[in-house]
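First up is the structure itself, then whatever we jot down about it.
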Amino acid sequence: MRHLPNLLTGVRLLLVVPIAWLVIDGAYQPALGLFVIAGLSDALDGFLARRFGWGSSLGAVLDPLADKALLIVIYLCLTVGGWIPAWLATLVLLRDVVIVLGAACYRLVTGSLEMRPSIFGKLSTLLQLALVAGVMADAAFGVLPAALHLVLITVVAVMTAISGLHYVLRWTLAYRSFKACP
């Protein structure tokens with residue numbers, strides 16, 4: 001049972017391909033269903049890891065990897081389908097690249113790294129997921145008013161930018177703090 005969170009994360013990672021395939025094919029209802037399953041697996045694996053102490057170093061790497069793979073691939077697919085503007089998909093991708101490169105540089109320079117998502121990062125990811133769910137629900141059922149679609153895009157863009165800048169500030173301050181130590 002201890003490996004159940006990692007198994008759920010692996011399933012979520014494997015769901016990226018069929019969800020992307022369905023979105024590209026225009027089969028938004030089944031894509032939305034699989035996306036919801038992926039989201040529920042994310043919540044469940046996190047709950048199990050925290051509640052029962054079933055976290056692992058593998059899970060600490062796989063979980064955010066699965067989240068990022070799902071979000072980035074779906075953003076790109078929805079952009080190709082015309083549901084999300086290309087500039088927003090680019091912003092989401094660039095934020096993640098900045099975070100990963102910042103973490104890698106910090107690790108290279110200091111020899112250590114403790115990855116903890118910030119409140120801005122969590123909020124940004126939550127809003128990005130909400131936009132994807134809303135857009136796919138709209139594509140499947142026509143339920144998202146155009147004004148709300150625009151508001152969601154704007155809020156996601158602002159929060160993604162704030163989150164990216166916050167991570168840059170965080171890595172910079174951590175590096176300066178490390179450098180100041182004898």
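The values are calculated or read from the model by the stated rules, or taken from the named source; none is laboratory data. These figures come from a predicted structure and were not determined experimentally. Cβ: placed from backbone, ideal geometry, glycine included. Neighbour counts: every protein chain shown. Keep in mind that these areas ignore ligands, DNA and RNA; they rest on the heavy atoms of the full protein, side chains included. Shrake-Rupley method; radii C 1.70, N 1.55, O 1.52, S 1.80 Å.
Here are the numbers:
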read-out	value
Carbon/sulfur fraction of accessible area - the range 98-182, other protein chains in place, 1.4 Å, %	74 percent
Accessible area (Å², per residue) of the range 1-77, counting only protein heavy atoms and a probe of 1.4 Å	54 Å²
Solvent-accessible area, 1.4 Å probe, carbon plus sulfur percent, for the range 1-90	75 percent
Extreme residue, positive dipole direction of the range 80-182, given options T90, A161, L131 (C-beta unit charges)	A161
V17, V80, reordered so the largest accessible area comes first (probe 1.4 Å)	V80, V17
